[in-house]
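The values are calculated or read from the model by the stated rules, or taken from the named source; none is laboratory data. Since the structure is predicted, the reported quantities are computational estimates derived from the model, not experimental observations. Note that we place each Cβ from the backbone using ideal geometry, even for glycine, and neighbour counts take in every protein chain shown. All accessible areas refer to the heavy atoms of the entire protein, side chains included, with ligands and DNA or RNA removed. Shrake-Rupley method; radii C 1.70, N 1.55, O 1.52, S 1.80 Å.
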Amino acid sequence: MVGGVKTEAELLEAWRAGDRAAGQALFSRYFQPIRLFFVNKIEGSPSDLVQETFMACIKGRDRIHEGGDFRAYLFGVAYRVLRVHLRSKYRAELDLGTASMQDLAPSAVTLILKSEQTRLLAQALRILPVDLQVVMELRYWEQMNSSEIAQVLGISASTVRYHLRQGRSQLADAIRQLAKNPKVLESTLGDIEGWAQQIRDLLRSSHD
């Protein structure tokens, strides 16, 4: 406990012991990050998928390894919920390593963003294959390192590092493809992480 605020490990231990308030504290802490995980990858409101993620977490809470990373576990659940949702909505054999949200739902962008740069970046992320989009958004929006992203996706850290290199290259190409204003293009490419943080901060402060 730091300054009276319980750590995630302490909250998880208390939750496992039957403290419902500790579980609620964990969910309150992660409601907006999990909502943000879904919001640029589906059509419409993410509320049902957010709820499904937390319900699955409740059912599987005893499978979280002692001393494990609760955040990585929770985002891993969200990733599996997303995968099932997309395959049930579009096609069972959907390959998230090649299909992009731009392919699946080209007119589904509903984000209300203030600047041309943030709108351009959000749209460019949807051009990436879904799995690459997940990797890049976990890196930019959650600031996860390769090991944490590896836990979420169930792959090796070295594979994540390869995906990050691929993702940065493909994202830059997508931004160039979409940009109509040379100044906006230059500004967006010059500070992708900064514009990504602006998207994160705006969406985390908003509601459905």
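Quick grid of which residues meet (1) buried (at least 16 other Cβ atoms within 10 Å of the Cβ); (2) modelled with pLDDT of 95 or more; (3) touching a Lys or Arg at 6+ places or on another chain (Cβ under 9 Å):
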{"site": "Tyr162", "(1), (2), (3)": "no, yes, no"}
{"site": "Arg165", "(1), (2), (3)": "no, yes, no"}
{"site": "Gln170", "(1), (2), (3)": "yes, yes, no"}
{"site": "Asn181", "(1), (2), (3)": "no, no, no"}
{"site": "Ala196", "(1), (2), (3)": "yes, no, yes"}
{"site": "Asp201", "(1), (2), (3)": "no, no, no"}
{"site": "Arg204", "(1), (2), (3)": "no, no, yes"}
{"site": "Asp208", "(1), (2), (3)": "no, no, yes"}
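In the set Ala174, Ala150, Ala122, only one residue is more than 20 Å from Pro33 (Cα to Cα), part of a helix (DSSP H, G or I) and touching a helix residue (DSSP H, G or I) at 6+ places or on another chain (Cβ under 8 Å); that residue is Ala174. Leu189 meets each of the listed conditions (1) of a type in the set (A, V, I, L, M, F, W, C); (2) closer than 22 Å to Gly97 by Cβ; (3) open to solvent by 50 Å² or more (accessible area, probe 1.4 Å) apart from (2).
With respect to being of a type in the set (Asp, Glu), within 20 Å of Thr118 (Cα to Cα) and either open to solvent by 40 Å² or more (accessible area, probe 1.4 Å) or modelled with pLDDT under 90 (or both), Glu52 falls outside the description.
For segment 65-84, state whether one or more residues are modelled with pLDDT under 90, β-branched (Val, Ile, Thr), surrounded by 16 or more Cβ atoms within 10 Å (Cβ to Cβ) and under 28 Å from Ile199 (Cα atoms). No, there is no match, as no residue in segment 65-84 is modelled with pLDDT under 90, β-branched (Val, Ile, Thr), surrounded by 16 or more Cβ atoms within 10 Å (Cβ to Cβ) and under 28 Å from Ile199 (Cα atoms). The set of residues from segment 96-117 being open to solvent by 80 Å² or more (accessible area, probe 1.4 Å) and at pLDDT 90 or above comprises Thr98, Asp103, Glu116.
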